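Here the structure is laid out as structure tokens; the discussion comes afterwards.
The values are calculated or read from the model by the stated rules, or taken from the named source; none is laboratory data. Just so it is clear, the model here is predicted, and its values are computed rather than measured. Virtual Cβ from ideal backbone geometry, glycine too; neighbours counted across all protein chains shown.
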Amino acid sequence: MDPGFGLWLFAVSLGASALGGMLGMASGIFIVPILTMFLHIDIRTAIGASIVSVIACSCGSASPFLEAGLVNIRLAVVLETTTTLGALTGVLLAGIIPTAYLFILFALILALSAQQMLARRGETAGAATTADTWGWAGALRLDASYPDRGQRVEYRVQRLPLGMLLMYGAGLISALLGIGSGVLKIPAMDTALRLPIKVSSATSNFMIGVTAAASAGAYFLRGDIVPAVAGPVALGSVVGSLLGARILMAVSNERTRLLFVVVLVALALQMALSGFGLELGGPSE
Amino acid sequence: MSKETVKAPQPEWLLAALLRYGTWLASGVTGLGVAMSLVGVEGTQVIAAGVALFIALPVLRLLVMLGAFILGRDYRLVIVTTVVLVTILAALVIGLSFSKPLAH
């Protein structure tokens, strides 16, 4: 591969990741469409590169959240039992699913992300002081507290089995498409578990690394990860996510949000067209 | 209000340090490989090592958590963490059993 292409991959990933970070979104969702549609990289190679960048971004951004006491590490590891199981299922399915369906599934996830961004995420009403699910959450001591404006706010984890089921789906999609699946984790954590928004964001980001490690490890050993592509993409994503977090405050307004919705919808349409094109155009592996 | 009195030392700070310096190390190795390729030296194996470090980092983080739960005699969480590690191991075994030569 042309070494200059590596520099190009680095720059593109940096841009995508910085833009994603500005809106508090994971960059993974942009990496695969950009690599396949603009740089004409095979979708499986793109997914392999993207999943490594998902790990890199998760690990690279976790420390400040851990130090601030926002990550519920006990809950994270409990939910990781099903996210990694989902990832394992995804690894098994990835070899069987035709490329065209991967494009179409990706288009659906992009459309879902656009819808979620449009709906704007709010603090769930009546966030969790009642203790209705004492069973699992109690036995595993998952209820905790987090610091907010100098005070400790206690919260309880609700409906753990439902949350774990949704996390299985998130792990599956993450492995199949090489994304962090924030779009599926956020509803699981906000709606099923009813976590405070800060805890849910920090814990979700912390979990993504382990979920992605299961699929990335399998793809790496299987030989589906091309180092010359995955390396520059991961590096660009880490640098981009650090930059994006810094400009988050400055530009996050209504207009950029709408711009992103438009970009997501456009990418969704393009991916869907590619998918149906492959479907109709016969074999083009 | 129940204050927990019996609690292991908080592993958060250890995990934060591991992930911070681990990311630096993996990025450094990957960057070195990319730079080698740019100046015309064969760097693919170095990049592959960097990528492998990135993938290993979350697994190390689970091992640190396992250690913390063992020290805290939190046996339910020890079992939970072991289940996650075994699942990842199973994924690796599946990957290996379908392995093909490293692509360039």
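Of all the criteria given as (1) part of a helix (DSSP H, G or I); (2) more than 17 Å from the chain's Cα centre (by Cα); (3) within 8 Å of chain A (Cβ to nearest Cβ), the one not satisfied by B:Val46 is (3). What are the residues in region B:63-82 that are crowded, with 21+ Cβ neighbours inside 10 Å, within 8 Å of chain A (Cβ to nearest Cβ) and not β-branched (Val, Ile, Thr), if any? B:Met65, B:Leu77 - these are the residues of region B:63-82 that are crowded, with 21+ Cβ neighbours inside 10 Å, within 8 Å of chain A (Cβ to nearest Cβ) and not β-branched (Val, Ile, Thr).
Regarding region A:139-147, can at least one residue be identified that is modelled with pLDDT of 80 or more and of a type in the set (Phe, Trp, Tyr)? Looking for residues that are modelled with pLDDT of 80 or more and of a type in the set (Phe, Trp, Tyr), one finds at least one in region A:139-147, hence yes. Residues of region A:223-233 that are touching a residue at least 24 places away in the same chain (Cβ under 8 Å) and assigned to a helix (DSSP H, G or I): A:Ala228, A:Val229, A:Ala230, A:Gly231, A:Pro232, A:Val233. Against the conditions (1) buried (at least 19 other Cβ atoms within 10 Å of the Cβ); (2) within 12 Å of chain B (Cβ to nearest Cβ), A:Arg141 satisfies every one except (1).
The residues of region B:19-38 that are crowded, with 18+ Cβ neighbours inside 10 Å and among the hydrophobic types (A, V, I, L, M, F, W, C), listed by number, are B:Leu19, B:Ala26, B:Val29, B:Val34. Residues to consider are A:Leu195, A:Leu184, A:Leu142; find the one that is under 21 Å from A:Leu110 (Cβ atoms) and out of contact with any His (no Cβ under 9 Å at 6 or more places or on another chain). When all the criteria are applied, what remains is A:Leu184. Among the numbered conditions (1) crowded, with 24+ Cβ neighbours inside 10 Å; (2) touching a residue at least 24 places away in the same chain (Cβ under 8 Å), the only one that A:Phe260 does not meet is (1). Looking across region A:185-200, the residues that are buried (at least 21 other Cβ atoms within 10 Å of the Cβ) and among the small types (Gly, Ala, Ser) come down to A:Ala188, A:Ser200. Here B:Thr44 fulfils each of the conditions (1) closer than 30 Å to B:Glu12 by Cβ; (2) in contact (Cβ under 8 Å) with a residue 60 or more places away in the chain; (3) in contact with a helix residue (DSSP H, G or I) (Cβ under 7 Å, 6 or more places away or on another chain) apart from (1). Scanning region B:12-38 for residues that are under 18 Å from A:Phe10 (Cβ atoms) and either within 15 Å of the chain's Cα centre (by Cα) or more than 8 Å from chain A (Cβ to nearest Cβ) (or both) returns B:Thr23, B:Trp24, B:Ala26, B:Ser27, B:Gly28, B:Val29, B:Leu32, B:Ala35, B:Met36.
Scanning region A:193-207 for any residue that is farther than 22 Å from B:Arg20 by Cα, touching an Asp or Glu at 6+ places or on another chain (Cβ under 7 Å) and more than 9 Å from every other protein chain (Cβ to nearest Cβ) turns up at least one such residue. For region A:71-94, the tally of residues that are within 9 Å of another protein chain (Cβ to nearest Cβ), within 17 Å of A:Ile179 (Cα to Cα) and either of a type in the set (D, E, K, R) or more than 18 Å from the chain's Cα centre (by Cα) (or both) stands at 2. Selection of region A:159-217 for residues being at pLDDT 90 or above and in a loop (DSSP other than H, G, I, E, B) yields A:Gly178, A:Ile179.
Within region A:144-164, being polar (S, T, N, Q) and within 12 Å of chain B (Cβ to nearest Cβ) holds for one residue alone: A:Ser145.
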